[in-house]
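Structure first, commentary second.
Every number here is computed from the coordinates shown, using simple stated rules; none is lab data. Please read all numbers here as calculations on a predicted model, not as lab measurements. Because the Cβ atoms are built from the backbone with ideal geometry, glycine has one as well, and the counts that use them run over all protein chains shown.
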Amino acid sequence: MDQYHRAVLAAEERFFDECDIGNVPVILVLTKCDALLLQGLAALTLEEKKLPREERLVRGQENAERMLENNPVWGKVKSMKYKPTAKVELRDLNKSDEGCKLLIEMTVRVLDEEALQMLLVTTQHTNIMLCIEFAMER
């Protein structure tokens, strides 16, 4: 997410500008969002840099989230004709299944039809917590 010039390819631009997806939800998947934490930490004020480590990390993450929201890539995608239904910011992809749970949860949330939601949830039988969470929402 720190190499803005490489983030959106011509094929992706054409997709969001020319392909009418109708009722099919499209999720924009942003990877390497954890790389922004270093930039968020670097943006701390001198006063914030004197805070305890945990508080610096919290403030750095808040800065990183603001950077992501103001990121030229996200601004460009939001201005396209056919915008994504949702976005997922993936971090810590070097850890097993870190991104999978978040992506599956977002997929369940953007599906409009309850039957489709239930189909996805039941196919995720190994993810019992998602099944419970979805059932509690209903």
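Counting only Cβ charges, +1 for Lys and Arg and -1 for Asp and Glu, the dipole size of the chain around its Cα centre is about 440 debye.
Restriction of the trypsin sites (Lys or Arg not before Pro) in region 1-94 to DSSP coil positions whose beta-carbon has at most 10 other beta-carbons within 10 angstrom yields K81.
May I ask for the longest run of the chain untouched by GluC sites (Glu not before Pro) that are loop-located per DSSP and have at most 12 neighbouring C-beta atoms (other than their own) within 10 Å? After excluding every exposed loop site, the longest remaining stretch is 48-112.
Pairs exceeding 22 Å between alpha-carbon atoms, taken from K49/K78; K32/K76; K32/K95: K49/K78. Over the residues of the chain, the helix contribution to mean residue ellipticity at 222 nm works out to -16000 deg cm²/dmol, using -39500 (n - 2.57) for each DSSP H run of at least 4.
When the chain is treated as a Gaussian network with alpha carbon springs shorter than 10 Å, the biggest mean-square fluctuation among V108, V58, V121 belongs to V58. Under the simplified labelling scheme, the E47-K83 pair shows an inter-label distance of 3.4 nm, with each label point 7 Å from Cα along Cα→Cβ. Per-residue 3J(HN,Hα) values for region 36-43, derived from phi via the Karplus relation 6.51 cos²θ - 1.76 cosθ + 1.60 with θ = phi - 60°, read 6, 4, 4, 5, x, 5, 5, 7 Hz in sequence order (x marks Gly and Pro).
Could you point to the label whose value was computed as P(r) over Cα pairs in 5 Å bins from 0, in percent for the structure here, given [x] 2, 9, 16, 19, 19, 12, 8, 6, 4, 4, 2, 0; [y] 2, 8, 14, 15, 11, 8, 6, 5, 4, 4, 4, 4, 4, 3, 3, 2, 1, 1, 0, 0; [z] 2, 9, 15, 15, 17, 14, 14, 8, 4, 2, 0? Read-out from the structure maps to [z].
When only Cα pairs below 8 angstrom with a gap of at least 6 residues are kept, the chain shows a relative contact order of 27 percent. Less than 5 angstrom separates the built amide H of L28 from those of T85, A86, K87, V88, all sequence-distant by 5 or more or on a different chain. Simple spin-label estimate for L120 and E54 gives 3.5 nm between the two label positions (7 Å along the Cα-to-Cβ direction from each Cα).
If the chain linking I27 and I128 were pulled fully straight, counting 0.36 nm for each residue of separation and taking away their Cα-Cα distance, it would gain 34.1 nm.
Comparing G60, G75, G22 in a Gaussian network model of the chain where C-alpha atoms under 10 Å apart are linked, the largest mean-square fluctuation is found at G22.
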